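> I am attaching a structure below and will ask some questions about it afterwards.
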Amino acid sequence: METLTPAAETAQAGDRPSEDIVRIEVVHAGRVDAVTLELPGGGDVLAAARRALALEAELLLFERDQDEPLSCAPPGRKHLRLVSHEARAVKVEVRYDHETRAHEFAPSKTVFRVLQWAVGKHGFRLDPTLAARANLILPDAENPLLREAVIGSFMPHGKHVLVVDLTLRDFTNG
Amino acid sequence: MAEAAPGPDARTLAAQMDGIAFRAGVEEGRWSVLLLDFPVLVVRVVGCDFSHTLTAALEFRLFCDGFPARPPFVERWDAAAGRRPPSPTGAMAPPGLVDAFKEWHRDGSTAEYGGVYRAWQRHAAVHNGWAAKRPDEAWRRDRDFSFIMERLYDLASDQADWLAARAAA
């Protein structure tokens with residue numbers, strides 16, 4: 001994991017007690033690894049993060065697993081997991097049993113949330129016994145996607161559609 | 001007599017519990033620490049259904065000796081009663097949780113409970129070589145402790161989803 005410590009922010013952060021520091025992880029579009037930041041609290045933390053990351057103005061910052069991009073840092077928070085992406089929503093196409101269902105998600109949503117949708121009443125309405133065996137897997141991959149990964153990790157800039165297979169392949173330990 | 005200095009397993013766990021992912025999970029309300037008396041850690045995890053309308057809380061007791069080389073031993077726990085609750089039936093939880101919380105004995109034992117039956121859990125990982133079959137679910141020493149917490153959060157969210165579906169039926 002890369003740690004980014006912007007010089008100007010660090011000078012301020014270094015003078016402050018640790019409780020005034022906001023620590024942030026940021027996952028960029030198309031990347032699985034996170035960049036970490038330590039920034040002084042109190043000011044506009046989100047703007048400071050954007051400066052530290054040299055984010056282009058059109059890039060959005062989401063809190064992990066949330067639907068809407070942030071316009072400011074959630075109040076009172078000292079630790080944040082963020083996702084940067086150019087799109088407010090991306091399309092996920094899930095293939096299962098000769099059918100494809102699609103839904104738009106924020107790129108900050110986790111694979112687990114997509115799986116919840118895919119097995120649920122808005123997706124393929126799987127019986128709970130089958131749902132317990134379900135995983136999402138990239139086409140031609142050998143192992144299921146990590147459930148805590150955010151879907152933006154698999155969608156670099158310019159890519160707004162993710163195709164995954166819902167598999168019931170027995171990954172259980174019978 | 002002075003207390004013994006924390007060992008490397010206790011220090012590693014403490015450092016990872018002070019990491020961004022774990023602390024953010026606390027601030028987001030996904031999990032909370034009820035007790036930390038190394039190697040014992042008791043946590044409450046609050047999952048939610050897909051539409052974020054219903055939550056379900058589960059408590060777990062973890063034994064983290066040997067961390068991170070050894071994955072934690074994890075069992076469901078009732079912190080108020082101070083004991084492991086009975087395994088759920090199909091009328092109380094979805095099939096995935098019934099399987100995860102079933103009574104089973106660890107390899108080489110005829111009496112010792114094996115813990116949460118999932119590939120990331122200490123004794124389940126070696127049962128029939130499960131960890132090797134599911135590298136995406138298996139604990140590795142280069143993973144962060146929040147990986148375990150996310151797996152517990154998934155279980156609580158599965159319970160919330162199941163409860164929401166029953167309520168809507």
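> Quick check on A:Ala73: is it touching a Leu at 6+ places or on another chain (Cβ under 6 Å), surrounded by 14 or more Cβ atoms within 10 Å (Cβ to Cβ), farther than 30 Å from A:Asp165 by Cα and more than 13 Å from chain B (Cβ to nearest Cβ)?
No: the conditions fail for A:Ala73.
> Can you name every residue in the stretch B:133-169 that is at the interface with another protein chain (Cβ under 9 Å from one of its Cβ atoms), in a helix (DSSP H, G or I) and more than 16 Å from A:Gln116 (Cβ to Cβ)?
B:Lys133, B:Ser146, B:Phe147 - these are the residues of the stretch B:133-169 that are at the interface with another protein chain (Cβ under 9 Å from one of its Cβ atoms), in a helix (DSSP H, G or I) and more than 16 Å from A:Gln116 (Cβ to Cβ).
> Follow-up question, since we're still on this one. Specify the residue that is surrounded by the most Cβ atoms within 10 Å (Cβ to Cβ); the eligible residues are those in the stretch A:112-127 that are facing chain B (nearest Cβ under 8 Å) and among the basic types (Lys, Arg).
If we take residues in the stretch A:112-127 being facing chain B (nearest Cβ under 8 Å) and among the basic types (Lys, Arg), then A:Arg113 is surrounded by the most Cβ atoms within 10 Å (Cβ to Cβ).
> Then there is this: Considering each of B:Arg70, B:Arg23, B:Arg44, B:Arg11 in turn, give the residue that is in a loop (DSSP other than H, G, I, E, B) and charged (D, E, K, R). Show your work before the answer.
Values: B:Arg23 fails: in a loop (DSSP other than H, G, I, E, B); B:Arg44 fails: in a loop (DSSP other than H, G, I, E, B); B:Arg11 fails: in a loop (DSSP other than H, G, I, E, B).
Being in a loop (DSSP other than H, G, I, E, B) and charged (D, E, K, R) holds for just one of B:Arg70, B:Arg23, B:Arg44, B:Arg11, which is B:Arg70.
> Give me the pairs: first residue in the stretch B:5-31 and without any contact (Cβ under 8 Å) to a residue 40 or more places away in the chain, second residue in a helix (DSSP H, G or I) and basic (Lys, Arg), beta-carbon distance under 9 Å, and six or more apart or on different chains, which are they?
Final answer for the pair search is B:Ala5/B:Arg11.
A quick yes/no check of all residues on (1) touching a residue at least 24 places away in the same chain (Cβ under 8 Å); (2) touching a helix residue (DSSP H, G or I) at 6+ places or on another chain (Cβ under 9 Å); (3) buried (at least 21 other Cβ atoms within 10 Å of the Cβ):
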site: A:Thr110; (1), (2), (3): yes, yes, yes
site: A:Thr129; (1), (2), (3): no, yes, no
site: A:Gly152; (1), (2), (3): yes, no, yes
site: A:Asp165; (1), (2), (3): yes, no, no
site: A:Leu168; (1), (2), (3): yes, yes, no
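> List the number of the failed condition for B:Ala93; all other conditions in (1) of a type in the set (Gly, Ala, Ser); (2) in contact with a Leu (Cβ under 7 Å, 6 or more places away or on another chain); (3) surrounded by 15 or more Cβ atoms within 10 Å (Cβ to Cβ) hold.
Answer for B:Ala93: the failing condition is (2).
> Quick one: which residue in A:Pro40, A:Pro107 is at pLDDT 95 or above and either touching a Cys at 6+ places or on another chain (Cβ under 6 Å) or more than 13 Å from chain B (Cβ to nearest Cβ) (or both)? Even if it seems obvious, please write down each step before you answer.
Numbers: A:Pro40 fails: at pLDDT 95 or above.
Criteria check complete, one pass: A:Pro107.
> What are the pairs with Cβ atoms under 6 angstrom where one residue, in the stretch B:109-125, is under 15 Å from B:Pro135 (Cβ atoms) and within 11 Å of chain A (Cβ to nearest Cβ) and the other, located anywhere, is of a type in the set (Ser, Thr, Tyr) and part of a loop (DSSP other than H, G, I, E, B)? Sequence gap at least six, or different chains.
B:Ala124/B:Tyr117
The values are calculated or read from the model by the stated rules, or taken from the named source; none is laboratory data. What you are looking at is a predicted structure, and each value in this text was computed from that prediction instead of being measured. Every residue, glycine among them, receives a Cβ derived from its backbone with ideal geometry; neighbour counts consider all protein chains shown.
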